[in-house]
Amino acid sequence: MNALIEPAERLKGKLTAPADKSISHRAAILAAMADEPVLITNYLEAADTLSTLEAVQQLGALVERRAEGLMIRGVGLRNAQSPDKPIDVGNAGTLIRLLPGWLAGQQGSSFELDGDASIRRRPIDRVAEPLRLMGARIDATDESFAPFSVEGAPLTGIDYRLPVASAQVKSCIALAALLAEGPTTITEPDPSRDHTERLLVQAGVKIEREGDRLTVFPTDELTLPDEIMIPSDASSAAFAIAAAVLVPGSRLLVENCSVNWTRSGFIEIAKRMGAVIVTDLESRPKEGVIPQDEPVSDVDVTAGPLKPTTVTATEVPLAVDELPLIGLMACFAEGETRVEGAGELRLKESDRISAVVKVLNDLGGEAEATADGFVVNGHGFLRGGTVDSEGDHRIAMLGVVAGLASREGVEVRGVDAAAVSYPSFLDDIAALR
Ligand code: S3P
């Protein structure tokens, strides 16, 4: 499906972003690992997280849709059933990286995982390597790709330093650690989203943080609360926030949005560029403490002029899915904006360094790829043109935001890719015009 996005005169009103994708995946997987039923309210109804519900059902969990939310009856930590056909994760990178952590320790069972063409292009070594060190048996296509099989095996705790900050890899190891013999310590080069840690604390798991070292202790069972409420997704909200920053005269209130500090890097970077964004961001947790609750806030956004900035490697994991938006906003500032230390972007749903640079240049901007990021020379405006999402949901939404802020509008080809994380994106934006 294609959409022609005309420049907006201004954007005004309130918006509630869809439920958080990362937390939805984790809540469903952990509920499937628990013994007692868990009610998940405000679960994200989007392609990626529906794949997770399918997957946990294939593993033996029961998913019941109720008016108030999803009731998931898990199989317990050590009882995932071998499905009779491969688990198809669709486009969900988080699912294909987290699930093997749980499955690797299911002794006596085996599993096949596969996904769409984009998933098959994304290497799984980052999770396969630490899992193998723990004793996992993983057999991947050409050593690194889906489809791959996981054969349950006895696992042993490890002391592992992540080569690159990644919440997906950290979470995968943390799930395997629950089933391992002895504790597992994961060292993060930089902090990344901490939703798994928060949920594991809620599930009664012994888990310690000392600086950049996270230690997860094995357990016999997860005792999650009866109900888990998913907050709105900061990454989805960022697309509307960027649009309101860029379209002159705009004023937007994003209600009840997650402002977990490991997810609000975009807001911090945008503010540094001069954006007027007001939140009651909670302070960072105390050293050594892993908070349980996900902080939320209303986010009040007013359009205004922007200046260039440099995004450093430490900030990248805190805004990793929003970096394309920083690139777009940089076109509207005057001067050079750099994104550094973001080589991970090449391994997302598409090579997002190439994709962002192509989109911005095709629309009349001036952007250049570097080995681990991109540089944008902003001229204060963007002409417009055509964007092809190439099936990447965040590139589709980037094209829509660009269209709203452009001089001549943008045709977004394959705009329906947005349904992977934000099915009502076009309707929500239309309601603000
Ligand atoms: C995610 C972590 C990030 C992010 C992805 C979701 C998660 O990936 O890009 O969209 O839910 O843990 P990495 O942690 O691999 O960078």
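The values are calculated or read from the model by the stated rules, or taken from the named source; none is laboratory data. Note that the coordinates shown come from a computational prediction; the quantities given were computed from them, not determined experimentally. When we count neighbours, we look across all protein chains shown, and the Cβ atoms used for this are built from the backbone with ideal geometry, even at glycine. All accessible areas refer to the heavy atoms of the entire protein, side chains included, with ligands and DNA or RNA removed. Shrake-Rupley method; radii C 1.70, N 1.55, O 1.52, S 1.80 Å.
Quick notes
- Rounded Å value of the spacing that divides the Cα centres of region 215-247 and region 314-360: 22
- Separation in nanometres of the label points that stand 7 Å from Cα toward Cβ, at Asp139 and Glu255: 5.3
- Extension gain from Ile290 to Glu411, taking 0.36 nm per residue of separation minus the Cα-Cα distance: 39.1 nm
- At an R0 of 25 angstrom, the distance between the Cβ atoms of Glu36 and Arg213 translates into a FRET efficiency of 0.20.
- In this label model, Arg73 and Thr386 are separated by 5.3 nm, measuring between points 7 Å along each Cα→Cβ vector.
- Its relative contact order, with pairs defined as Cα atoms under 8 Å and 6+ residues apart, puts region 1-94 at 31 percent.
- Across the chain, the longest piece that holds none of the GluC sites (Glu not before Pro) lying in DSSP loops with up to 13 other C-beta atoms within 10 Å covers 144-286.
- Taking the Cα centre of region 21-228 as origin and assigning +1 to Lys and Arg Cβ atoms and -1 to Asp and Glu Cβ atoms, the resulting dipole is close to 240 debye.
- Using 0.36 nm per residue and subtracting the Cα-Cα separation, the extra length available between Glu227 and Glu6 on full extension is 75.3 nm.
- Separation between Cα centres of region 106-166 and region 1-63, rounded to whole Å: 24
- Flagged links, alpha-carbon separation over 24 Å, of Lys170/Lys348; Lys286/Lys348; Lys21/Lys348; Lys307/Lys358: Lys286/Lys348
- Rough spin-label spacing in nm, given labels placed 7 Å along Cα→Cβ, for Lys206 and Lys271: 3.8
- Solvent-accessible surface (1.4 angstrom probe) belonging to Lys307, in square angstrom, nearest 10: 110
- In a fully extended conformation the segment linking Glu112 and Glu54 would gain 19.5 nm over its present Cα-Cα distance, using 0.36 nm per residue.
- Computed over the alpha-carbon pairs of the chain, the distance histogram in 20 Å steps reads 27, 58, 15, 0 percent, short to long.
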